[in-house]
Amino acid sequence: MSAATITQAHDKGLRHHFSALLATVGDFAAQLYAAHGGWLAPMRDAAAARARQQGRDALLSQANQAEAHSPSLANELRNFASRG
């Protein structure tokens, strides 16, 4: 039999304090953002919509280029563009 004991520190380490601080700051920032009406959300949504439209335009352009040699590929590309 062994009489060895394992001693563990009961105090939280510095990284736990930092993670708690970052979580608190993040929650505060989210509440502040919501209180001001979320003025960044429309800009982010508009940028995402522009990116989606550019993706659709690229797929439709590729579909037009592929129409002559591969009509089925062109149809698939148009199908993907209509979904996104």
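The values are calculated or read from the model by the stated rules, or taken from the named source; none is laboratory data. If you're wondering where the values come from, they're calculated on a predicted model, not measured in any experiment. Here the Cβ is made from the backbone with ideal geometry for all residues, glycine too, and neighbour counts use every protein chain on show. The area values use the complete protein model at the heavy-atom level, side chains included, leaving out ligands, DNA and RNA. Shrake-Rupley method; radii C 1.70, N 1.55, O 1.52, S 1.80 Å.
The table that follows gives values for the structure above.
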item: Simple spin-label estimate for GLN65 and PHE28 in nanometres, 7 Å along Cα-Cβ; result: 5.2
item: Heavy-atom SASA rank of LEU14, LEU73 (probe 1.4 Å, accessible area, largest first); result: LEU14, LEU73
item: Residue-span extension gain [ALA47 to GLU76] - 0.36 nm each, minus C-alpha spacing; result: 7.8 nm
